[in-house]
Structure formats: C-alpha cells, structure tokens
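Trainee: Below you will find the structure I want to go over with you.
The values are calculated or read from the model by the stated rules, or taken from the named source; none is laboratory data. Fair warning: this is a prediction, and the values are worked out from it, not measured in the lab. Note that we place each Cβ from the backbone using ideal geometry, even for glycine, and neighbour counts take in every protein chain shown.
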Amino acid sequence: MKINSILIANRGEIAVRIIKTAKKLGIKTFVIKTAKEPKAMYLEMADEVIDFSETTQEIPEFLDIERIINAAKEYKVEAVHPGYGFLAESPYFAQRCHQENIIYIGPSADAIYKMGNKTIAKQIAVKQDIPLIQGSNGDVGSFKRALVIARNIGYPVILKAASGGGGRGMRIVNDPKDMEKSFKLATSEAEKAFNDPSVFIEKYIRNPRHIEFQIIGDKHGNIVHLGERECSIQRKHQKLIEESPSPALTSKLRKTMGEAAIKIAQAVNYYSAGTVEFLLDSENKFYFMEMNTRIQVEHPVTEEVTGLDLIELMIRIAEGEKLPISQKDVKLKGWAIEYRINAEDVQAGFSPNLGIIQKFSYPAGKTTRIDTGVTDGSAITPYFDSMIAKLIATGSTREKAITNSLIALNKIKIQGLKTTIPFHKAVLNTKAFKEGDLSTSFIDNELEKLYFQEPGEEEMAAFIAAFDYLLEVQTEEETVVDYDKGKNLTPWLLNKRMKSL
C-alpha cells in the first residue's frame, strides 16, 4: 500500500529529518504543535499542523498515545512515524496503530516488546548462541538477591533496567557495601523512566568498546546489516560521539558480529530499522547488550558510509516493499563521525544551559552535514532534550574525517548558549582518539579536562573584560576619552592603547 500521509509523532531534529524524506517521496506530513514550543522549526516545514496547545491533561503531548491516535483518525492520516524516544519503544503504541488500521512505520509490537524487555532479549540471545556477559537470568527482585549473584560472578557488576536503555536505571557497583543504595536508585530510576522497576545484573567489563550494528529488514523475511557504529565516547552511558566504521573491527570480526545481529533480529521476525548493541573487550570478544527497535539518533553516520536513506527504507518497508539490497550489496565507503551538539555547560558537569539561541550559523559542504531542529531565536527549554544539532563530518579515511571535523567545529557559531563544542574539540585533540584507542571509559581515562581552550582564549577574555570596563567608565566620565580626540572607544583603539602601556 502506498503511503500518502504521515503523522510524525515527535519533534525537533528527528521530525525535520522525517519531513525531508517524506517530501522527497511526495508524502504529506502532519506534525503536532505544543504550547511549550509554539514556534518550532519543524512546524514551519510540515504540510499541516495539529494543534495540541490547549490542554489541561497531565500526560505530556508526545506521550499521550490515545490523543495521538485520535488525531490521526480525525485528520485521516494513513501512517504514523514515532521517530525515536518513548513512543518508538512502546509496543502498546504500535499495537494501537494496528488496531485502528493506521500504518505504523516501525517494527511489530511483538518485536518491540521482546527486544524492549532486556531479560527476554537475553533469553533469546542464549537460544541463538550469541555471547552474553555473565549475570542474572532475569529480574533480580531484591538487593539481597543481587548481593548473592554479585558474589558469584565477582565485582564490579552493573545493574540495568529490564525495560529500558539510554543509561537510565543503570548503576555500577564496585563493592558489596554499595549494593543496597545502588539497587534502590536503579529500581527507582527504572520505575520513573519505564514504569517498570525490574532490574537485572551483569558482570561489569572495564574499558570495553560499545559497538552497535544497524540492521534493516522487510516484511518478507529479508534482513541485512549495514555495518557498525562505534559509540564508545560516552558520559554516564549517554553517547556523545559516534562513528562508522569502527577503527577496532577487521572485516572478519565485522562479518561475525553482523551475522550475530541478524540472528537476533530473525529470532523475532524483525522488520524496519533497528540496532543491535554489543560490548567488545580488549581481546576482541563481543557480548550482546540489547536491541533498540527504532531509528537511532546516530543513524546519519550509517547513511553517509552506505549512501542509503534509512527513513526512506522504513517507509517503503511499512508500505510492504521488499528490501532493494542484499548483504553483498552493502559496501562501507569512507568514514563518518557524528558529534551531538547540546546546549550544555561542560564545565558545570554537562548541565543543561537553557535560553534563546541568538545566532546559529554552520558550514555546509561535501564533507559536512548538519541535522538540526532549531534556528535563530529558537528556545532551549526544560521541557525537551537540550540537543541543538548533530554535526556529521565525513572523509575518505578516518584521518580526513577528523580533519574535516575540526574545520567544521571551528566554523559553527552558536550565540546565546554554552554548548558541547569545546568538549568535542578536546576529544579530537587527544592522542588516543586520533589513534582510535577508544573505550566507554575514554572521558575518565584520557581527558585531563572536559573542554578545549582555544589559543589565546584567556588573553582575549581579559581584553574583552578590560574593554567592557573602560566602556562603562567612558559612559560615566567623559574625560576618559579626551585623548581620543572625541572618537568613541573601540576594541581596536583599546588594543592599540594597551600595547603602548
């Protein structure tokens, strides 16, 4: 069935991303307007806006499944794309779309449920002979039970939410005396984030790499992988920099891990886009972690090295088309690195930096891609995530991709807010990153400080402070500028004067 209209049940840059592909395919797009973001960029790009501004309901607009379903029916929209986030991880939402004869652009509710529950997913991996990290067979139940399991497998261990991911509900425990507190925190976070307090426990592998494989399948039983993404640069289990391919994988290891990813997907009759995530230890042994049953934030790096449009593939698969490629057709060309540019104060522990983006300009070219949902005047609020944009830099080799990354990061201008750009520069200037020596402990092990300081930055800050002070004095006391012969004080005059001191 040809899809003629899509309701995008999301916002920000992923809504913009879906709109662009939908327009290319001649599909009419509907989006949701909220009172929290009445002038968002994605609203201007869509064909029609469904106004959720007036509401007294306590459920956040993009989490209100029944309201979204009713809106799709009222506007006679044929399909729904959830983007990424809560709705994309909800088997109930996929099921409700199916019940109302709305095409859900994503996998089946059954696949979402089985892979979304980490305990069930691990049981499936065992049946498929996929390597797993030693740990509990299911929900731990109590911190006393966790103590017994941890004693058997040895510390350190990690507690993980059974029904979610993204770092929520995770706690590393290095000592038995910390178990009770960590267990309470992990179950509490899991309950708040996923409405399920269940947690499981695993042996914690120190300094592993985080490697994930992009898979894509159709409704006719065809599944391929599109290579891997290296996601090891993380903070508190949140990915910050991703690249494809990984500097750690040989073609042989890529084949082995890719085949394992496909086996996991086949076990749940998977179709649409998904990601199978692994840990890779220092001996190149890999272990299944989880499967994300949705499009990922970092999908652009895969698009850049494969030349494929993953959103288009998702739409065509939802229409019932067969995959246009087989595994032998998948070739990784060049290198791509993605940087998540968030409105965060790195020096204050990556705390959100709320406010208005006064000016946002960025480079464009063959080696630079920007995915964003904001523009000049956009607000970063406490209601949504703090992402401003994703910068994707490419090159024929990893070295060239890094060079192009630095050029692009230096050209991006964001006024009004602090961002993670200085952090990305700090990472790129480390010897370990340049050599591809990465792990999930990279930030703790390799960075002396979390931000990169430009040459002469301290001198410039002192210069500007002095200029501001003298400008203030000029306003209060006219005699300050007598020797300028009536000219207003400017940074250039101040610089000249300071050099003469």
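Trainee: Given the conditions (1) in a helix (DSSP H, G or I); (2) within 27 Å of Glu290 (Cα to Cα), which single one is not true for Gly85?
Mentor: So Gly85 meets the others, but not (1).
Trainee: Something else now. Taking segment 261-276 as the region of interest, how many residues are touching a strand residue (DSSP E or B) at 6+ places or on another chain (Cβ under 7 Å), of a type outside the set (S, T, N, Q) and buried (at least 21 other Cβ atoms within 10 Å of the Cβ)?
Mentor: Qualifying residue count for the region: 8.
Trainee: All but one of (1) farther than 25 Å from Glu189 by Cβ; (2) in contact with a helix residue (DSSP H, G or I) (Cβ under 9 Å, 6 or more places away or on another chain); (3) outside any helix (DSSP H, G or I) hold for Ala72; which doesn't?
Mentor: Of (1) farther than 25 Å from Glu189 by Cβ; (2) in contact with a helix residue (DSSP H, G or I) (Cβ under 9 Å, 6 or more places away or on another chain); (3) outside any helix (DSSP H, G or I), only one is false for Ala72: (3).
Trainee: Can I ask one more? Can you pull out the residues in segment 379-422 that are β-branched (Val, Ile, Thr), in contact (Cβ under 8 Å) with a residue 60 or more places away in the chain and over 30 Å from Phe86 (Cβ atoms)? Quick ask: steps written out before the conclusion?
Mentor: Residues of segment 379-422 β-branched (Val, Ile, Thr): 380-381, 388, 392, 394, 397, 402-403, 407, 412, 414, 419-421.
Going one step further and asking which of them are in contact (Cβ under 8 Å) with a residue 60 or more places away in the chain, we end up with 381, 392, 394, 397, 402, 412, 414, 419-421.
Once the filter is applied, which keeps residues that are β-branched (Val, Ile, Thr), in contact (Cβ under 8 Å) with a residue 60 or more places away in the chain and over 30 Å from Phe86 (Cβ atoms), segment 379-422 yields Thr394, Thr397, Ile402.
Yes/no matrix, rows are residues, columns are (1) touching a helix residue (DSSP H, G or I) at 6+ places or on another chain (Cβ under 8 Å); (2) buried (at least 22 other Cβ atoms within 10 Å of the Cβ); (3) touching a residue at least 24 places away in the same chain (Cβ under 8 Å); (4) not in a helix (DSSP H, G or I):
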residue	(1), (2), (3), (4)
His98	yes, no, no, no
Gly106	yes, yes, yes, yes
Met115	yes, yes, yes, no
Lys122	no, yes, yes, no
Lys160	yes, yes, yes, yes
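Trainee: Let me confirm something: among Val126, Val80, Val49, Val140, which residue is outside the structural domain of Leu280 (by TED's automatic domain parsing) and part of a helix (DSSP H, G or I)? Full working, then the answer.
Mentor: Values: Val80 fails: part of a helix (DSSP H, G or I); Val49 fails: part of a helix (DSSP H, G or I); Val140 fails: part of a helix (DSSP H, G or I).
Being outside the structural domain of Leu280 (by TED's automatic domain parsing) and part of a helix (DSSP H, G or I) holds for just one of Val126, Val80, Val49, Val140, which is Val126.
Trainee: A follow-up question, please. Kindly indicate the residue of segment 353-408 that is among the charged types (D, E, K, R) and closer than 19 Å to Ile14 by Cα and also farthest from the chain's Cα centre (by Cα) among those meeting that condition.
Mentor: Within segment 353-408, the match that is farthest from the chain's Cα centre (by Cα) is Asp376.
Conditions tested, residue by residue: (1) part of a loop (DSSP other than H, G, I, E, B); (2) at pLDDT 95 or above; (3) surrounded by fewer than 16 Cβ atoms within 10 Å (Cβ to Cβ); (4) of a type in the set (D, E, K, R).
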{"site": "Gly165", "(1), (2), (3), (4)": "yes, no, no, no"}
{"site": "Asp196", "(1), (2), (3), (4)": "yes, no, no, yes"}
{"site": "Ile216", "(1), (2), (3), (4)": "no, yes, no, no"}
{"site": "His225", "(1), (2), (3), (4)": "no, yes, no, no"}
{"site": "Cys231", "(1), (2), (3), (4)": "no, yes, no, no"}
{"site": "Leu240", "(1), (2), (3), (4)": "no, yes, no, no"}
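Trainee: Say we look at segment 16-41 and pick out the residues that are closer than 19 Å to Pro300 by Cα and touching a Ser or Thr at 6+ places or on another chain (Cβ under 9 Å); which of these is surrounded by the most Cβ atoms within 10 Å (Cβ to Cβ)?
Mentor: Checked segment 16-41; the qualifying residue surrounded by the most Cβ atoms within 10 Å (Cβ to Cβ) is Ile18.
Trainee: Tell me whether segment 414-423 contains one or more residues that are loosely packed, with under 15 Cβ neighbours inside 10 Å, outside any helix (DSSP H, G or I) and at pLDDT 95 or above.
Mentor: Among the residues of segment 414-423, at least one is loosely packed, with under 15 Cβ neighbours inside 10 Å, outside any helix (DSSP H, G or I) and at pLDDT 95 or above, which makes the answer yes.
Trainee: Check segment 357-369 and report whether any residue there is outside any loop (DSSP other than H, G, I, E, B) and more than 30 Å from Val31 (Cα to Cα).
Mentor: No, that holds for no residue.
Trainee: Another question about this same structure. Only one of these is within 25 Å of the chain's Cα centre (by Cα) and within 26 Å of Gly167 (Cβ to Cβ): Glu61, Glu44. Name it.
Mentor: Details: Glu44 fails: within 26 Å of Gly167 (Cβ to Cβ).
Exactly one of Glu61, Glu44 is within 25 Å of the chain's Cα centre (by Cα) and within 26 Å of Gly167 (Cβ to Cβ), namely Glu61.
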